[in-house]
Each structure stands twice: as C-alpha cells, then as structure tokens.
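The values are calculated or read from the model by the stated rules, or taken from the named source; none is laboratory data. In this text the structure is predicted, and so the values were computed from the model without any measurement. For neighbour counting, all protein chains shown are included, and Cβ atoms are generated from backbone atoms with ideal geometry for every residue, glycine included. Ligands, DNA and RNA are excluded from the accessible area calculation, which covers all protein heavy atoms including side chains. Shrake-Rupley method; radii C 1.70, N 1.55, O 1.52, S 1.80 Å.
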Amino acid sequence: MPEFCDVALPVPLDMVFTYRVPADVAPVVGGRVLVPFRQQRLMGIVVESHDRKPKVTTKSVLSAVDPTPVLDDQLLRLGRWIADYYLAPIGEVYRTMLPLTAEFKRVVGYRITEHGHMALHMAGVSGSSARSQRTPEDQAAEFRVLDYLAAQDSEVDLRAEISRNGKGAGGKDQREISTNGKGTASAVPLSAVNIAALAAEGPALVREQTLRSATQVSRKILDGMVRKKWIIREDVSAQQDATRTIKIAVLKSADGKLNENQKTIIDTIAAAGGKVPVETLHSFEVPRTTLSALVRRGLVQIVEEPADFAVSRSKPRRSPFDFDFNEAQKSALKQLQNEVESRKFSGMLLHGVTGSGKTAVYLAGMRSVLEAGRSAILLVPEIGLTPAVAADLHQIFGDEVAILHSALSDKERAEQWHRIKRGEARMVVGTRSAVFAPVDELALIIVDEEHDASYKQEETPRYHARDVAVMRAKMANTAVVLGSATPSLESYFNATKNKYALIELPDRVEKRPLPEVEIVDMRIEFQETGHEQVISRKLAAEIQQRLDRKEQVMVLLNRRGYSPVVLCRTCGKKLECRDCAIALTHHKREHKMVCHYCGYTAPVPKACIHCGSEYVYFLGTGSEKLEELLHGMFPQARIARLDRDTVRGHEDFERTLNALNEGELDLVVGTQMIAKGHDIHGVTLVGVVGADVALGLPDFRAAERTFQLLTQVAGRAGRGQSPGKVILQTFFQDHYAVQYAARHDFQGFYDKELRFRSWMHYPPYSALANVLVRSDKLDDALRWSGTLGKWFDETRHEGVRVLGPAAAPIMRLKRDYRYHFVLKSPSREKLNATLRAMLAHTAEQKIPRTQVIVDVDALWLM
C-alpha cells in the first residue's frame with residue numbers, strides 16, 4: 001500500500017494536496033476520501049497513490065469513503081481536460097462531476113474553552129482590553145454565546161456523572177438530560193453506547209446552526225470569539241446515508257372507542273389496504289395530534305420504507321415509431337447507426353427544421369444502442385424539456401432510463417447516479433451535468449438543441465456541455481450527435497470544414513408545411529392607433545379566430561414580471577437594485593420589486609425613494625402584465641403563464657404542459673421556456689411580442705440569439721394536422737435576423753452573420769475568453785484591473801488580441817464592481833498560454849484567485 005495519496009479538493013486553488021495514508025485506510029484512485037483541510041473536513045477525490053515523501057509535514061486521511069472508484073480512468077481524464085481547457089481548479093471540476101453531496105453532511109460545532117469560562121465568570125476582567133473595542137451589543141451577544149455553551153457544558157458533566165455512577169446529582173436514574181435552552185429539561189432513555197460516548201466527549205459540542213438560532217448572533221461574532229480563544233470551532237463533517245425514505249402509517253387494529261377525527265384516519269388507512277403515507281394523512285383537515293394519539297394507543301404504527309421515484313409525471317406522447325420515417329430520417333438513422341457500430345469517434349451535426357422528426361431519429365438510434373447491450377446519453381438544454389423526453393424514453397425503454405438534472409433533490413440525484421453506476425439504467429437523459437453520467441459501455445451521446453446557451457455553466461467550472469460531450473466521445477471512441485434547427489455558428493462552421501459530418505432533415509414529418517410568418521411593424525401600429533400597443537390588432541384578431549375554432553395559441557414575451565422599469569417622472573431616476581446596477585422589476589401578484597440577477601426584493605414604492613415625488617411611473621410590459629392583458633381581451637379563454645415565477649419546480653412545468661396537451665388550455669403566454677422543443681399538436685398560432693428585445697444588447701451574438709429564438713418559437717406552430725401561423729411584432733422589421741427568421745432561412749442568416757464575424761475576428765474565426773475582475777470595493781476592482789491591464793500592455797502576447805480593461809456592461813452585480821478584458825486569438829493554444837501567464841501574474845500580485853474569473857469560450861459578455 002503506497003504511503004501517500006494526492007487528493008483533489010473542492011477549493012478555488014489550482015493544485016492537489018498530498019496526505020499520508022494510515023495503515024487502516026485503503027483509498028483507491030478515483031474514489032472519495034474524507035480529509036482535514038485547514039480547520040475543516042472536506043471530501044475529495046484521490047487522483048494518485050505514491051511513495052514520494054513531500055518536503056512539508058502532511059496530515060493523514062481520516063477515512064476512505066469508497067471501496068471502488070466513483071470516477072473511472074476515462075472520467076478522471078475528462079476532468080483533467082476540463083480543468084486544463086477552462087482553467088478551473090481540478091477539485092471543483094470533480095465536485096461538479098459527482099452529484100453526491102447528499103452523502104456528505106457538513107457539521108460545524110463550537111465548544112467553550114477555559115478562557116471562555118474565565119471570561120464569563122470574571123465578568124469581563126480577563127480579556128477586557130480585547131473587548132474594549134466592542135460595542136455593548138457585541139459584548140452582550142458574546143456573553144449570550146458563553147452562557148449557552150457553559151450550560152451545555154454543565155449538562156455534559158451531569159452525563160459523565162451518570163455514566164460513572166448510574167445516578168447523578170439528586171439520585172437521578174440512568175437517563176440523558178437535554179435542555180431546550182430555557183432551563184427546562186426532559187428525560188429520555190440513555191443507551192449504554194451513548195453513556196460511553198458522552199463520558200468521553202469532554203466539553204459539549206454545539207452545532208453552529210443550533211447555537212446561532214438559540215443566541216441570535218452572527219458568524220462574525222463567533223469568528224471574533226474564536227480569535228480570542230473563548231470558544232473553539234470544530235468540523236465534524238462525515239459521510240451519511242442518502243437513501244430516500246417515506247413514512248408510512250400502517251393499520252394494526254381498529255378496536256376501541258374512536259372520536260370522529262380518529263375514525264376518519266382509521267377508515268382512510270383501511271380503505272387504502274392498511275397502508276397510507278403519513279404525508280397524505282397530514283393533508284386532511286384533522287389535527288396532527290390525532291395520528292400521534294393513534295400511534296400511542298398501538299392502533300397505528302409508523303414505519304419507514306424506500307421512497308419511489310417517478311422518472312416523469314408527463315403523459316407519454318404518441319410513440320415516434322408509430323410514424324413511417326421519411327427518406328431523410330432513414331438516411332440520418334442509417335448513418336448514425338453505422339458510426340456507432342464502427343466503435344470509433346465520429347461527430348455529426350443533425351440540422352433539421354423544426355418538426356422534422358429529429359427526436360424520432362435520436363430515440364431510434366438509442367434503441368439500437370440498447371439492443372446491442374451498450375449505453376447512451378441524451379442531453380437537453382432545459383429542465384422543462386427533461387420530463388417530456390424522459391416520458392418518451394420510459395415509454396420505449398422502461399426502467400432502463402435514468403434522469404439527471406438540478407431540479408431533483410440531492411438524494412434523488414445521488415440515487416439516480418448510483419442506478420447508472422450499477423448498470424441498472426443504460427439510457428440517461430438530463431441537462432448539462434448529465435454529460436458526466438458514469439455509464440458503462442458508452443456508445444452514443446446526443447446533444448439536443450446544441451445551440452442553446454444553457455449548456456454553458458456560468459459558475460466555476462465554466463464548461464460548455466456540448467464541447468465536453470464531444471471530448472468525452474473522442475476519449476471513449478464513440479459517436480456524438482449535435483442536433484438543432486438553428487445550429488450555433490461555431491458548430492455549423494465546423495461541419496462545413498468537415499470536422500463534423502453534416503446530416504440534413506430539410507422537411508417536416510408527414511410533409512407538413514412550415515408555418516406562415518407575418519411581420520407586424522409596431523411603428524406603423526403606433527401611427528395608426530395613436531397609442532402604444534402591446535398586442536397588435538392583427539395578433540388580437542388571429543387569436544380570436546383560433547379561439548373560435550377551438551385551436552390553441554402560444555404568445556412569447558421574453559421578459560418576466562409585470563413592469564421591467566419603475567421611473568420617477570419628477571427627477572427622472574429609476575428604482576435600481578441595492579446590490580446591482582440593474583432596474584428592479586415590478587411583480588404585481590407578489591406585491592414587490594425584484595432583481596432578476598441577485599434576487600434582492602423591495603416593497604413597491606408609493607413615492608420616489610430619491611426625491612419623494614408621488615409621480616412614480618411603471619414602464620414596459622412583462623409576461624405577468626401580458627397575461628393580465630390577454631385575460632381582459634379574451635375573458636372566456638383558459639390562459640396559463642409559463643416563466644420562472646410560475647414554474648417553481650419540474651412538477652409545475654409538467655402540470656401545465658399536460659394541460660396544454662390534453663386541450664385543457666386555450667392560450668399559453670410565457671418567456672423563452674415555451675420556445676424550446678415542445679411538441680404540442682393543438683397549437684396553430686404563435687405570437688411573438690417584442691421580437692427584437694435582444695437586438696439592443698451590447699453583445700456580438702445578439703443577432704444570432706434573436707434569429708434562434710424567433711425560429712424556435714415559430715416552430716411550435718402547425719406541428720399537428722392543421723397548418724400554423726406566426727405573428728412577429730417588431731420595431732426593426734428590416735433587421736436581417738428578423739427577416740431571415742420570417743423566411744425560415746438558416747443558410748441565408750448563417751452566410752450574412754459569418755461575414756460580420758470574419759471582419760471583426762469573432763468566433764468561429766477566433767477563440768475568445770472573457771476575464772472578469774470583481775470586488776465589492778470599487779478601489780480594489782479598479783486597482784486589480786489596472787494591474788492586469790498594465791501587465792497585458794507590457795508583456796508580449798503573440799497572436800492574442802486584448803481588449804480592455806473596461807467596465808462590464810452590467811458594472812455592478814451581486815454587490816461586486818466588475819471590469820473585464822476580452823481576449824481573442826486564432827490559436828487556442830496561444831490563448832490558453834496567455835491566460836495561464838496572466839493567472840500566474842495575478843498570484844504574484846496577491847490578487848485573490850476568486851476575484852479573477854476566466855471564462856473560456858464565453859457566451860455572456862455582460
């Protein structure tokens with residue numbers, strides 16, 4: 001057994017850490033270990049075992065969590081590539097790859113020290129100089145903490161007395177005494193195991209959450225007391241069981257006298273076959289104490305059972321195999337199957353118009369993979385799409401399907417991950433993190449809607465799941481398919497350069513026509529009506545026609561809330577977020593102002609907070625206001641809204657989509673959530689309000705994003721037997737992105753946009769990185785960005801162009817002031833080398849690593 005091991009820890013440091021391996025611990029490469037790090041315990045991944053003795057004193061591994069690797073050699077190698085390419089700390093990469101946080105419980109506690117006892121009992125004599133700079137409020141908070149910990153310490157002494165004598169002071173029996181912090185005590189049986197543990201534990205350890213709740217103090221107060229050595233902080237984090245369970249009420253007997261509430265519960269359990277989830281009984285209009293009384297009487301028993309997991313609550317759609325594939329689909333499927341069977345790396349770009357049957361090709365390819373005893377991964381961009389796709393897969397593949405996305409609980413994600421790891425599920429569907437699924441015998445990776453920006457993670461590690469999928473396929477010698485009706489310029493450019501095989505699906509299935517698109521110029525609408533319109537006359541008339549024909553309508557406005565701007569007509573100032581340089585959005589239903597970037601909320605102003613004027617004006621329209629307007633215009637219509645405010649979890653999304661599929665809704669209004677991938681055959685009209693909102697953003701991808709969004713939402717219309725129509729409302733009807741979207745002309749848009757990109761040396765003609773310098777102190781942000789700017793000016797970086805430093809378009813975000821550099825280079829190697837040299841200089845200048853964000857292949861420059 002090697003004497004040392006190198007461990008990658010989830011900390012923002014570009015290094016691994018060497019630990020000594022005790023004789024009774026057997027870590028494995030790719031497995032997790034629990035190790036001490038500074039004043040805490042962390043779970044890390046073993047990346048190497050060796051006998052090279054380090055020059056510094058090493059700490060020892062506390063325990064090995066896994067007897068076998070959780071990351072195999074291929075995934076370890078993929079993690080190293082991500083760390084190298086995206087310049088991310090390797091430990092944070094591996095943490096992202098493993099959705100197993102539910103198996104690690106972080107517990108931090110505090111104990112009182114002798115110095116703390118002395119400070120408490122000497123009434124401030126000892127250490128008075130340390131306290132002299134504290135406010136009376138801080139001193140009172142400190143003594144509340146000391147009082148509370150001292151009381152818990154006395155309790156431990158009593159426990160130790162009990163453990164030695166069997167009786168404590170006053171002849172108490174062998175029972176554990178617990179206090180509620182108010183001096184009252186309750187007695188509960190004390191096991192022999194607990195007696196031994198309590199006798200050895202010394203001063204009482206109180207969890208931080210318990211201590212702060214009981215004493216109402218901040219972490220800052222506790223940190224100061226630790227520095228004074230009045231208390232000590234201990235990290236006792238450890239592995240925990242992540243099995244999901246559910247409490248079940250089991251009927252044991254129905255004998256005896258029962259009151260009305262008790263009879264209701266007994267009858268309910270009996271009618272359900274003698275077992276009912278406790279959560280179901282709690283939903284009844286009877287006191288919760290009723291069930292407790294039945295348990296005490298022995299009539300009902302509460303047991304825990306493993307919780308079931310529903311892959312999807314969405315109703316499965318008609319199987320894609322019920323349709324006859326057209327020639328283009330057959331050709332695409334044949335090429336996909338041939339590439340999979342070759343067991344060599346191959347990249348394919350499946351470019352098919354909306355409604356062309358791309359999903360059917362995916363599922364047919366996955367079915368052939370499963371029949372061959374191998375595995376496949378299907379990535380979708382939005383959590384909202386996952387249940388519908390999962391329902392399709394479950395209908396075809398049964399229990400061979402696993403689902404991975406962030407809307408699952410930590411325990412659910414861990415459970416699904418282990419199913420995949422054990423080989424119980426070989427078909428995986430999920431959002432970007434599903435690209436790391438630990439499947440065995442990987443044969444195929446599919447990235448649906450590959451152009452979507454949500455595949456790019458906006459926090460460390462800032463990886464792009466599409467590019468990671470390509471690299472994983474390359475490492476595994478397998479096939480990867482990138483599919484979209486509006487491919488990203490980079491992917492389509494690579495296909496034209498033969499880096500990917502280009503597969504085209506030019507027509508909709510069953511020869512259905514693409515929807516007719518009509519552009520409404522809102523400038524002319526204003527001139528003819530004399531006032532600002534949210535819903536044009538044309539769109540209102542078309543909606544009424546569809547409602548009369550019992551057809552369904554979608555209306556897109558890619559802006560949440562009721563009003564996006566609140567402006568004072570007297571002083572001209574707008575109401576901004578306290579922590580961001582962003583206007584607060586009015587949410588009428590919730591009666592508050594909300595920042596959509598940091599979540600800060602404020603009351604709705606009755607007067608201007610700057611000048612006190614009562615002339616406060618609510619400007620603009622969001623999806624909430626649009627829903628209200630549509631209710632007023634079409635009072636008989638059944639209308640629902642889909643955005644981040646109405647969809648709190650995947651169940652909300654599934655419920656609304658199921659209602660739409662079942663014909664229980666006439667009209668759905670929403671943000672871009674309604675634009676992606678949904679196959680609702682009853683929708684024959686799509687209206688786009690504010691089609692050109694994104695064109696005003698200072699972003700070189702603004703036109704591409706607008707074209708993609710308009711094309712995608714237009715594709716929701718006419719997917720059934722009835723033809724579809726799209727109404728685009730715009731103030732810039734002559735913009736090429738709007739015109740090409742109206743004509744469903746991807747090639748025309750691609751050629752024109754590519755010319756602009758080549759002139760300005762933007763992707764795909766160069767690699768791009770955004771370096772963001774941030775700090776909650778403006779002086780620090782200016783000084784650090786100036787330091788890096790000077791270094792860029794004085795250092796030669798051949799083949800790399802540096803723009804900046806400049807204030808970021810959103811200069812302040814989440815309390816941080818932000819300045820950035822944009823780096824462009826035709827050579828990824830040169831760009832990577834320059835960024836590494838910059839990070840080395842950052843470390844030399846003592847600029848905190850967490851305050852310099854490097855975003856390689858950045859999609860968001862705001």
> Which residue pairs have Cβ atoms closer than 6 Å, lie 6 or more positions apart in sequence or on different chains, and pair a first residue in the range 93-119 that is more than 13 Å from Arg233 (Cα to Cα) and free of Cβ contacts under 8 Å to residues at least 24 places away in the same chain with a second residue that is open to solvent by 10 Å² or more (accessible area, probe 1.4 Å) and of a type in the set (Gly, Ala, Ser)?
Replying inline: Met118/Ser126
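Just checking, how many residues over the range 818-835 are open to solvent by 60 Å² or more (accessible area, probe 1.4 Å), over 17 Å from Leu859 (Cβ atoms) and in contact (Cβ under 8 Å) with a residue 40 or more places away in the chain?
1
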> If you go through the range 754-809 one residue at a time, how many are touching a Pro at 6+ places or on another chain (Cβ under 6 Å) and at pLDDT below 95?
Replying inline: 1
> Out of (1) open to solvent by 60 Å² or more (accessible area, probe 1.4 Å); (2) at negative phi; (3) among the charged types (D, E, K, R); (4) not in a helix (DSSP H, G or I), what's the single condition that is false for Asp793?
Replying inline: (4)
>> Show me the strands (runs of 3 or more DSSP E) entirely contained within the range 206-282 in which 2 or more residues are more than 30 Å from Leu34 (Cα to Cα).
In response: 245-251, 275-277
> Counting just the residues of the range 583-635 that are out of contact with any Phe, Trp or Tyr (no Cβ under 9 Å at 6 or more places or on another chain) and part of a strand (DSSP E or B), which one comes out surrounded by the most Cβ atoms within 10 Å (Cβ to Cβ)?
Replying inline: Ala583
>> assigned to a loop (DSSP other than H, G, I, E, B), at pLDDT below 80 and among the charged types (D, E, K, R): is that true of Arg134 in this structure?
In response: yes
>> So if I check each of Thr671, Thr646, which one is farther than 16 Å from Gln552 by Cβ, open to solvent by less than 20 Å² (accessible area, probe 1.4 Å) and at pLDDT below 90?
In response: Thr671
> Could you give every pair whose Cβ atoms fall below 9 Å, whose first residue belongs to the range 836-862 and is touching a residue at least 40 places away in the same chain (Cβ under 8 Å) and of a type in the set (Lys, Arg), and whose second residue is open to solvent by 30 Å² or more (accessible area, probe 1.4 Å) and in a helix (DSSP H, G or I), counting only separations of at least 6 or pairs across chains?
Replying inline: Arg849/Ala843
> Just checking, which of Ala781, Ala806, Ala767 is open to solvent by 40 Å² or more (accessible area, probe 1.4 Å) and not charged (D, E, K, R)?
Replying inline: Ala806
> In the range 537-581, how many residues are open to solvent by less than 60 Å² (accessible area, probe 1.4 Å), outside any strand (DSSP E or B) and without any contact (Cβ under 8 Å) to a residue 60 or more places away in the chain?
Replying inline: 6
>> One residue is enough: does the range 19-29 have a residue meeting the conditions small (Gly, Ala, Ser), in a loop (DSSP other than H, G, I, E, B) and open to solvent by less than 40 Å² (accessible area, probe 1.4 Å)?
In response: no
> Does Lys229 satisfy the condition of being open to solvent by 50 Å² or more (accessible area, probe 1.4 Å), modelled with pLDDT under 50 and of a type in the set (D, E, K, R)?
Replying inline: no
